[in-house]
Structures are given as C-alpha cells and as structure tokens.
Amino acid sequence: MTDELRFRPLQAADLDALYAVELASFSHPWSREAYAHELTENALARYFGCFAGGALVAFAGCWLIVDEAHITNVAVAPAWRRRGLGEWMLRRLFVSLQAAGAASFTLEVRAANQPAIRLYQKLGFRCCGRRRGYYDDPPDDALILWRGGTQQQQEEE
Ligand SMILES: CC(C)(COP(=O)(O)OP(=O)(O)OC[C@H]1O[C@@H](n2cnc3c(N)ncnc32)[C@H](O)[C@@H]1OP(=O)(O)O)[C@@H](O)C(=O)NCCC(=O)NCCS
C-alpha cells in the first residue's frame, strides 16, 4: 500500500482537500477558517497529509509546543480506512515531529471512539486522564492520552 502513498507537510493550497476529509470524518468538524489559520498563521501548527495518486486521503496535525506535540486532528478518508493508513501516517508523523524536537505526544479522544483509541494504544499511547462531559452531541468524556515524556512515565511508575 505504501508504495503508492506520499507523505508531506500541508500548505495553504491543500486547504480544500483537507477540509473534504475533515467533513467526511467528524460529526462536529472544525471550521474551514480554523484550518486556514492553522495552515497559514499558527506558528505552532504542523500539518501533514497522505496523498494517493495526487489526492489527499488522510491528514494529521499538531501544535508543537517546545518538546510536546499536542495532536489536534487525525483523519483518514472513509474509503481508505482499515488498510493501515492511519497507523502508517502517524508513524511518519512521529518521525517528522521528533526531527523537529518533539519528545512526547498527547491528544484527547472521545471515550466512545474505539477505532481511534485502539489505533493510539497500538502506537504506544497510554491513558493519563479523563475530562468528564467534555464533548457534546453526543455527550462523552475525553480521554487524555500520552506517548512518551514524563506524564506517561509517572503513570507507569
Ligand atoms: C481512527 C482512524 C484515523 C483510523 O484510521 P485507519 O486508517 O482506519 O486505521 P488503520 O487501518 O491504520 O488501523 C490501525 C489500528 O487501529 C485500530 N483500528 C482502526 N480502525 C478500527 C476499527 N474500526 N475498529 C477497531 N480497531 C480499529 C486497530 O488496532 C488497527 O490495527 P489492526 O489493523 O492491526 O487491528 C479512522 O477511523 C478515522 O479517520 N476516523 C474518523 C476520525 C477520527 O475519529 N479521528 C480520531 C480523532 S481523535
């Protein structure tokens, strides 16, 4: 599968394609304006995409704050799911972010989002906290996951 895929940083010109994957992936998507800000103005933001035959089929982004990468969004286009793409993309993301100085990774995920939670567990994330009632419509808790760094080490001690 990976022979036909390309992984690269996203730019402003990728906004339309990114937003199509966003709309297909989330019941409460971020606004298009928010992503325009991420791709053009937010100096902390790092976004990467996977392209198949030139078309964006998945993306992931984060805010790199000193040596912590706060992952904001991860999405694979529905037709491309369950083929190892999400895992492949995140492994590439970790390598790119570590080269940029990231020592640990964190994110929030709906407690009911089992596909995402299993993906993150497979990649070494561990649950280090829970924000009760964090999400609306449907209501759900947020799990706070960490991979690497002091938070995970403390949790495991
Ligand atoms: C979560 C998401 C990114 C997974 O992408 P994907 O490309 O389908 O995942 P992969 O094929 O790489 O799967 C890797 C691992 O994730 C887990 N996984 C992925 N989808 C799963 C599912 N539907 N059910 C159970 N486990 C799943 C499995 O552990 C899998 O490993 P395995 O194939 O050895 O069992 C994708 O379902 C998606 O875009 N969902 C909508 C957006 C979203 O919820 N993003 C996360 C927000 S925090």
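Nothing in this text is a laboratory measurement; each read-out follows from the coordinates by a stated rule. Quick caveat, the model's predicted, so the values are computed rather than measured.
Data table
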quantity: On Cα atoms only, tilt of 85-99 relative to the major axis of the chain in degrees; calculated: 80 degrees
quantity: Long-range tail of P(r) for the range 1-89 (Cα pairs > 15 Å, %); calculated: 56 percent
quantity: Crossing angle, helix 15-25 versus the chain [Cα axis fit, 0-90 degrees, rounded to tens]; calculated: 50 degrees
